[in-house]
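K.L.:
Handing you a structure now.
The values are calculated or read from the model by the stated rules, or taken from the named source; none is laboratory data. Note that the coordinates shown come from a computational prediction; the quantities given were computed from them, not determined experimentally. In this analysis, Cβ positions are derived from the backbone assuming ideal geometry, glycine residues included, and neighbour counts consider all displayed protein chains. Just the protein is used for accessible areas: all its heavy atoms, side chains included, with ligands, DNA and RNA removed. Shrake-Rupley method; radii C 1.70, N 1.55, O 1.52, S 1.80 Å.
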Amino acid sequence: MSELESRAWLSLVWTAELLPAALDAQLQAESGMTHFEFIVLGTLRQAKGSMLRTKDLAAAVNATMPRLSRVVGKLAARGLVERLGGAGDARVINVHLTTAGRRALVHALPDHLALVKKIVIDRLDDAQLTALADVLEPLVQRLDPQNRVGFAAAQHASTPAGE
């Protein structure tokens, strides 16, 4: 790698390592949830009917089924989501965002966005933000050509079983 390639690569790697930890610390301290739990709740909020099949939710948040199952169990124990069986198939489990989960997400959002602005958005001018989006969007497309992850994936996921 050239010096510029190395600098760019290491900057991306360290951002990918440090950013989630900073987001996680803020959310845990101020909202009592992890960044991953926040992403799960936010993804459910964006889904049709605030509900997704577990396999679709796992894909949308880029998680293994065991990791998602553990987190959904913790969220369900706190009343933030509920597990619902599929009417037509007992093997299917849907995860539904509860009213309490929606409230927790709404409560966490302002402080979370303030941190995002403080550590990322406010550090860059409009030209740099445009450049950042222009650089990262093709990388995301390369890493996820089927658009399996993110809010768009949740919105386009199949209708939960039983509906």
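K.L.:
Cα axis of helix 65-77 to longest principal axis of the chain: angle in degrees, 0 to 90, nearest 10?
P.N.:
Between the helix axis and the principal axis of the chain, the angle is about 70 degrees.
K.L.:
Identify all lysines with a Cα-Cα distance to Lys55 below 28 Å; exclude those on the same chain that are fewer than 8 residues away in sequence.
P.N.:
The qualifying lysines are Lys74.
K.L.:
Would you work out the Kirkwood radius for segment 76-139? I mean one over the mean of 1/r across all pairs of different Cα atoms, in Å.
P.N.:
Computed over Cα pairs of segment 76-139, the Kirkwood hydrodynamic radius comes out at 15.1 Å.
K.L.:
Shifting gears a bit: What aspartates and glutamates does Lys118 reach when the alpha-carbon gap must be under 17 Å and sequence neighbours fewer than 8 apart in one chain are set aside?
P.N.:
By straight Cα distance, Lys118 reaches Asp24, Glu30, Asp126.
K.L.:
With all protein chains present, calculate the accessible area of Glu137 using a 1.4 Å probe and round the result to the nearest 10 Å².
P.N.:
Answer for Glu137: close to 120 Å² accessible.
K.L.:
Given a 1.4 Å probe, how much area per residue of segment 52-107 is accessible, in Å²?
P.N.:
55
K.L.:
When N counts the residues of the chain, how does its alpha-carbon radius of gyration compare numerically with 2.2 N^0.38 Å, as a ratio?
P.N.:
Taking N as the residue count of the chain, the ratio is 1.15.
K.L.:
In deg cm²/dmol and to the nearest 500, what is the mean residue ellipticity at 222 nm of the chain if only DSSP H runs of at least 4 residues count, each as -39500 (n - 2.57), divided by the residue total?
P.N.:
-21500 deg cm²/dmol
K.L.:
Ignoring any ligand, DNA or RNA, what whole percent of the accessible area of the chain comes from carbon and sulfur when the probe is 1.4 angstrom?
P.N.:
Here it works out to 59 percent.
K.L.:
Taking the Cα centre of the chain as the origin and placing charges on Cβ (Lys, Arg +1; Asp, Glu -1), which of Ala77, Met65, Asn147 is farthest toward the positive end of the dipole?
P.N.:
Ala77
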